[in-house]
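Heads up: the structure comes next, in structure tokens.
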Amino acid sequence: MSPRDPFDLLIIGGGINGTGLARDAAGRGASVLLVEQADLAAYTSSASTKLIHGGLRYLEYYDFRLVREALIERERLLAVAPHLVRPMRFVLPHVGGLRPAWMVRLGLFLYDHIGGRKTLPGTETVRFRTSPIGAPLQERLTKGFVYSDCWVDDARLVVLNAVDAQACGATIRTRCRFVSARRRDGLWRAVVEDRDSGRREEVTARILVNAGGPWVSRLLTEQLGIAKHANVRLVKGSHIVVPRMFEGEHAFIFQNPDRRIVFAIPYEDAFTLVGTTDVPYTAEPGPVTISAEETTYLCETMNRYFRRPIAPADVVWSYAGVRPLYDDAAADASAVTRDYVLDLDTGDGGERGAPVLSVFGGKITTYRRLAEHALEKLGPHLPGLKPAWTEHSHLPGGDLPAGDFDLFVAALQKNRPFLPAPLVQRLARAYGTRVELILGEATRMADLGCDFGAGLTEAEVRYLVSHEWARSADDILWRRTKLGLHVPDGTADALDSYLATLAPARAASHATPADGP
């Protein structure tokens, strides 16, 4: 049993909401244990469209509060994680017969002004026949609009929140399954299971936070025995990755006849990311894959706008995730609110009972504000909690000089001239100032050890194992990095073999007093 037992908070779920809450709470002085049944960001939080945005289309559903909050958070995240969050311009072609031009202009005017935009450029009208932006588009498309939003590596955003949570004293346990919990003597007595060893332990906590994502309702009903709660609505969103379809660092946002929108976004230099779909999901939560129908839908959307057509055979990779949206009874899956609902249950004890706070819905852009709202709700149960602190606090690696990413890259290249320029860019984006923990005293590439492919070195792998909970090739190639798109065949096997040799070191690196039970 840990000397930290009982914890103030036991958080279930290592996605963006769980890790964001762990970071905020630990930084306010609460003792926190977070358990995740798989890897950090293993499910929904690594399967987004990877945007930090207000959600332009949500204005159609009069979700003004959500859009405003998300736009405010967009500016904040751009400031606290300038290595990870980057500005991007989005091109919205006007199509007759869909949304009228006046409606689009009005929506973009609101989008530019309701969120306190400070650093990003505003909306412009563009004529495609005289602008290079229009080069990949079909002749019938003559004008459109260009507005600003931001892009993020979603899985790395989750990991960096976990890194900072641990730095603030939280215990983060991956591959650790929450089995059950019951209230007793004003505390939660919970059973957790190490998925590698099968060993079960009992831990106690004053408050339980259910950030289980797609499992949020099941966890309440089956593992906590709480029948009365808000409802979750599961919606599957899928994406495809194809060879690069257009030049430039801007993205496209396309309207479909069914009024859904689909993004085409530059991805990993050589590719274009296309998504997403919105499909009602009624099967068991867990790993999901794109369907043939969804792939066809996304290809047909691209072919409705681009000169060069694509087909399912062009897809080099795809991914899908299940979004746990709050069930607001909307008839169309695309219209279901992306806002979050925080459901607090204290049993029969009122403020003296052992609370469970369940998170329904939400979007990656608003995770930080969600955490603040959650702790506001839990404040009466956490006497002595320090004030909110994350609004202006950099995420790990985000303390770039003057917040200027390009200057940071230039300085890194100057100080480490042996690094290839593409590797400098990738390492700077992924790790920011923490890149020094990887590079150490290296003065040549050989000092970083074996290259597993695409610039993934032993030094980087060791860092990911010792600092970011990576245990498998999949963790590294598809979540901590996206190098799975670039490495040669056989890399995953070679990487798993190498990781097996690091297992004792990994165990030692996480066997600290802060790690709890």
**Prompt:** Just one of G54, G134 is open to solvent by less than 30 Å² (accessible area, probe 1.4 Å) and touching a residue at least 60 places away in the same chain (Cβ under 8 Å); which is it?
**Reply:** G54
**Message:** When you scan the stretch 318-326, do you find a residue that is in a loop (DSSP other than H, G, I, E, B), in contact with a Lys or Arg (Cβ under 9 Å, 6 or more places away or on another chain), among the hydrophobic types (A, V, I, L, M, F, W, C) and over 20 Å from V95 (Cα atoms), even just one?
**Reply:** no
**Item:** Residue count for the stretch 89-108, restricted to those that are open to solvent by 10 Å² or more (accessible area, probe 1.4 Å) and closer than 30 Å to L427 by Cβ
**Value:** 1
**Item:** Residue selected from the stretch 460-473 under the condition assigned to a helix (DSSP H, G or I) and buried (at least 17 other Cβ atoms within 10 Å of the Cβ), by the criterion farthest from the chain's Cα centre (by Cα)
**Value:** R462
**Item:** Filtered residue count, the stretch 369-404, keeping only those that are touching a helix residue (DSSP H, G or I) at 6+ places or on another chain (Cβ under 7 Å), in a loop (DSSP other than H, G, I, E, B) and free of Cβ contacts under 8 Å to residues at least 24 places away in the same chain
**Value:** 0
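Just to check your reading of the model, which residue among D496, D451, D404 is farther than 24 Å from Y367 by Cβ, of a type in the set (D, E) and open to solvent by less than 60 Å² (accessible area, probe 1.4 Å)?
Testing whether each residue is farther than 24 Å from Y367 by Cβ, of a type in the set (D, E) and open to solvent by less than 60 Å² (accessible area, probe 1.4 Å) leaves just D404.
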**Request:** Scan the stretch 232-257 residue by residue and report those that are over 21 Å from I310 (Cβ atoms) and open to solvent by less than 10 Å² (accessible area, probe 1.4 Å).
**Result:** V235
**Message:** Looking at the stretch 208-231, I want the residues that are buried (at least 22 other Cβ atoms within 10 Å of the Cβ) and have a partner that is hydrophobic (A, V, I, L, M, F, W, C) and assigned to a loop (DSSP other than H, G, I, E, B) with Cβ atoms under 6 Å, at least 6 apart or on another chain. Which pairs are those?
**Reply:** L220/I226
**Prompt:** So how many residues does the stretch 201-240 have that are small (G, A, S) and in a helix (DSSP H, G or I)?
**Reply:** 2
**Failed criterion for A165 (all others in (1) more than 30 Å from D5 (Cβ to Cβ); (2) crowded, with 22+ Cβ neighbours inside 10 Å hold)** = (1)
**Message:** If I ask for residues that are open to solvent by 30 Å² or more (accessible area, probe 1.4 Å), within 22 Å of D451 (Cβ to Cβ), in a helix (DSSP H, G or I) and touching a residue at least 12 places away in the same chain (Cβ under 8 Å), which ones from the stretch 407-440 would you list?
**Reply:** P422, Q425, R426, R429, R434, L437
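Taking the condition polar (S, T, N, Q) and under 21 Å from the mean Cα position of the chain (by Cα), does T282 pass? Break it down into steps so the answer makes sense when it comes.
Numbers: polar (S, T, N, Q): yes; under 21 Å from the mean Cα position of the chain (by Cα): no.
In short, no.
One line per residue, one yes/no per condition, for (1) in a helix (DSSP H, G or I); (2) modelled with pLDDT of 90 or more:
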residue	(1), (2)
V67	yes, yes
E73	yes, yes
R76	yes, yes
P82	no, yes
R86	no, yes
R89	no, yes
V95	no, yes
M103	yes, no
F109	yes, yes
**Prompt:** Which of (1) open to solvent by 30 Å² or more (accessible area, probe 1.4 Å); (2) part of a helix (DSSP H, G or I) does Q37 not meet, given it meets every other one?
**Reply:** (2)
**For P3: the one exception among (1) modelled with pLDDT under 95; (2) out of contact with any strand residue (DSSP E or B) (no Cβ under 9 Å at 6 or more places or on another chain); (3) closer than 30 Å to T289 by Cβ** = (3)
**Top-ranked residue in the stretch 114-130 [being among the small types (G, A, S) and loosely packed, with under 14 Cβ neighbours inside 10 Å; ranked as modelled with the highest pLDDT]** = G122
**Prompt:** From Y111, Y147, which residue is open to solvent by less than 20 Å² (accessible area, probe 1.4 Å) and farther than 23 Å from F405 by Cβ?
**Reply:** Y111
**Fill in**
If we keep only residues of the stretch 147-198 that are under 30 Å from L92 (Cα atoms) and part of a strand (DSSP E or B), then the residue nearest to the chain's Cα centre (by Cα) is V152
**Asked** Which of (1) assigned to a loop (DSSP other than H, G, I, E, B); (2) of a type outside the set (S, T, N, Q); (3) in contact with a strand residue (DSSP E or B) (Cβ under 6 Å, 6 or more places away or on another chain) is the odd one out, the single condition G144 does not satisfy?
**Response** (1)
**Prompt:** Restricting attention to the stretch 353-368, which residues are in contact with a helix residue (DSSP H, G or I) (Cβ under 8 Å, 6 or more places away or on another chain) and more than 12 Å from I16 (Cα to Cα)?
**Reply:** P355, V356, L357, S358, F360
**Fill in**
Residue count, the stretch 324-346, condition in contact with a Pro (Cβ under 8 Å, 6 or more places away or on another chain), at pLDDT 65 or above and either open to solvent by 60 Å² or more (accessible area, probe 1.4 Å) or not polar (S, T, N, Q) (or both), comes to 3
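The values are calculated or read from the model by the stated rules, or taken from the named source; none is laboratory data. Keep in mind the model is a prediction, meaning the values are calculated, not measured. Quick reminder, even Gly has a Cβ in these numbers, built from the backbone with ideal geometry, and neighbours come from all protein chains shown. We work out accessible area using only protein heavy atoms, side chains counted, and drop any ligands, DNA or RNA first. Shrake-Rupley method; radii C 1.70, N 1.55, O 1.52, S 1.80 Å.
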